[in-house]
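Report on one structure; see the data block that follows.
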Amino acid sequence: MKAIGYHAPHAIDHPEALVDLDLPAPIPGEHDLLVRVHAVSVNPVDTKVRASAAPEGGAAKVLGWDAVGTVQALGSAVQGFAVGDRVYYAGAIDRPGSNAELHTVDARIAAHAPATLSDAQAAAMPLTAITAWEILFDRLRVPSGDGAAAGQSLLVVGGAGGVGSILIQLARQLTGLRVIATASRPETRQWCLDLGAHDVIDHRQPLAPQLAALGVPQVDHVAALTHTPAYMAQYVDCVRPQGQIAVIDDMSSLDVMPLKRKSISLHWEMMFTRSLFGTPDLHRQGELLAEVARLLDAGRLRSTFTTDGGRIDAAHLRQAHALVESGRAIGKVVLQGF
């Protein structure tokens, strides 16, 4: 089968950063779906792994987590799916990736794809939707429902990125939070407003004065999606006593002692935790993707697909990785077909 991967970590401008491969088709395990991949999207995790993680045992490493495709075969323990079903999912970081014609994924972390969305529109959603959902409801433990958490506020730092773009929508559609996003360009500011943010402030300027100008001297929750160490001191000023910060980005270190005086709680979110450790609630990721699909089909959420990256091959994936690494992408980059 066709696949795209790498043999050694490289910067994206290296000709072997990503290469076309011909690999044996995978064999599904007892809990797996064997999926013929139709579309994939690129996330920051793809670029970070490619630049830093050496393949094990001399074999090429295939990246890619978000995928939409058609079920070709089922493991013996799979329930709720049939051959021919159209599915979407975000995969597992400790298994071969979805940048391949055929891919195996644990059925418990997959769901039927939204019926009203194209393959490209659906492929943009899984990883960021899981991350945003887990931030909001599992880490920050915001209650869901009409008017839930009314009177409270959520600051989404990096609102126009993949996770921010769906987090804004989930918070607006499923809670009563006041959603304040950050963006630094006119086009990203408008994107956040179009997705439902009540307010947008500039993360290149001091946050506290901008929040005060909105009549929000302190926020209840912060979704820290990027450059967290650079903003931590500002978060301490902006978050109310006993408030919460949820973090997703990678860093060499983070000083949390300043959080003590206000009893601010810090919550890590990594959407691969459940699949890495086989947690008892592993199935929740499939369930929440099914709920996201229902919300998309009902028109309450919209896809964050913005950029057609072309066919799924090494040349186009290198271009997509470069765009994601640039920090200039809005929403998600999606590639389709082999």
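The values are calculated or read from the model by the stated rules, or taken from the named source; none is laboratory data. This one's a predicted model, so the numbers in the text were calculated from it and none came from an experiment. Methodologically, a virtual Cβ is constructed for each residue, glycine included, from the backbone with ideal geometry; neighbour enumeration extends over all protein chains shown. All accessible areas refer to the heavy atoms of the entire protein, side chains included, with ligands and DNA or RNA removed. Shrake-Rupley method; radii C 1.70, N 1.55, O 1.52, S 1.80 Å.
What shape does region 1-141 have by the C-alpha gyration tensor, where a ≥ b ≥ c are the square roots of the eigenvalues, rounded means a/c under 1.5, and otherwise prolate means a/b greater than b/c and oblate the rest? Oblate shape, in that a/c is at least 1.5 and b/c is the bigger or equal ratio. If you add up the charges near R36, with Lys and Arg at +1 and Asp and Glu at -1, over every other residue whose beta carbon is less than 12 angstrom from its beta carbon, what do you get? Its environment carries a net charge of -1.
Can you bin region 239-290 into rounded, prolate or oblate? Criterion: square roots of the alpha carbon gyration tensor eigenvalues sorted a ≥ b ≥ c, rounded for a/c under 1.5, prolate for a/b above b/c, oblate for the rest.
prolate
Using the Cβ of I330 as centre and a radius below 15 Å, the other residues enclosed give a net charge of +1, where K and R count +1 and D and E count -1. Averaged over its residues, region 46-113 has an accessible area of 37 Å² per residue, based on protein heavy atoms and a 1.4 Å probe. Take every DSSP beta bridge whose two residues both sit in the chain; close to 55 percent of them are antiparallel. Scanning residues 5 or more positions from H38 or on other chains, those with amide H under 5 Å from its amide H are V68, G69, T70, with H placed 1.01 Å from N in the peptide plane. When nucleic acids and ligands are ignored and a 1.4 Å probe is applied, K61 ends up with an accessible area of around 60 Å². Taking every alpha-carbon pair under 8 Å whose residues sit at least 6 apart, region 185-286 reaches a relative contact order of 20 percent.
The candidate values are (i) 58, 42, 35; (ii) 72, 53, 40; (iii) 60, 55, 43; the one derived from this structure for Cα extents along the principal axes in Å carries the label (i). As a fraction of the 1.4 Å probe accessible area of the chain, surface on carbon and sulfur atoms comes out at 52 percent.
Distance between the C-alpha centers of region 291-326 and region 133-182? Whole Å please. Answer, in whole Å: 21.
Between amide H atoms placed 1.01 Å from N, distances below 5 Å from V239 occur with V219, all of them 5 or more places distant or on a separate chain. Amide H contacts of R178: G151, Q152, S153, L154, each under 5 Å away and 5 or more positions distant or on a separate chain (H built 1.01 Å from N in the peptide plane; Pro and chain starts excluded).
Going by average Cβ neighbours within 10 Å, how do the peptides 64-71, 160-167, 229-236 rank, with the highest at the top?
Per-residue Cβ counts within 10 Å, averaged per peptide and sorted highest first, yield 160-167, 64-71, 229-236.
How charged is the neighbourhood of K262? Take every other residue with its Cβ under 11 Å from the Cβ of K262, and add Lys/Arg as +1 and Asp/Glu as -1. Taking every Cβ under 11 Å from that of K262, the sum is +2.
Most tightly packed first, judged by the mean number of other beta-carbon atoms within 10 Å of their residues, the peptides 95-105, 25-35 read 95-105, 25-35.
Per residue, how much accessible area does region 184-338 have with a 1.4 Å probe, in Å²?
In whole numbers, region 184-338 has 49 Å² accessible per residue.
Which of the three applies to region 74-134, rounded, prolate or oblate, going by the alpha-carbon gyration tensor with a ≥ b ≥ c and a/c under 1.5 meaning rounded? Rounded, since a/c falls under 1.5.
As a rough guide to protection, the peptides 49-59, 199-209 ranked by mean Cβ packing within 10 Å, highest first, stand as 199-209, 49-59.
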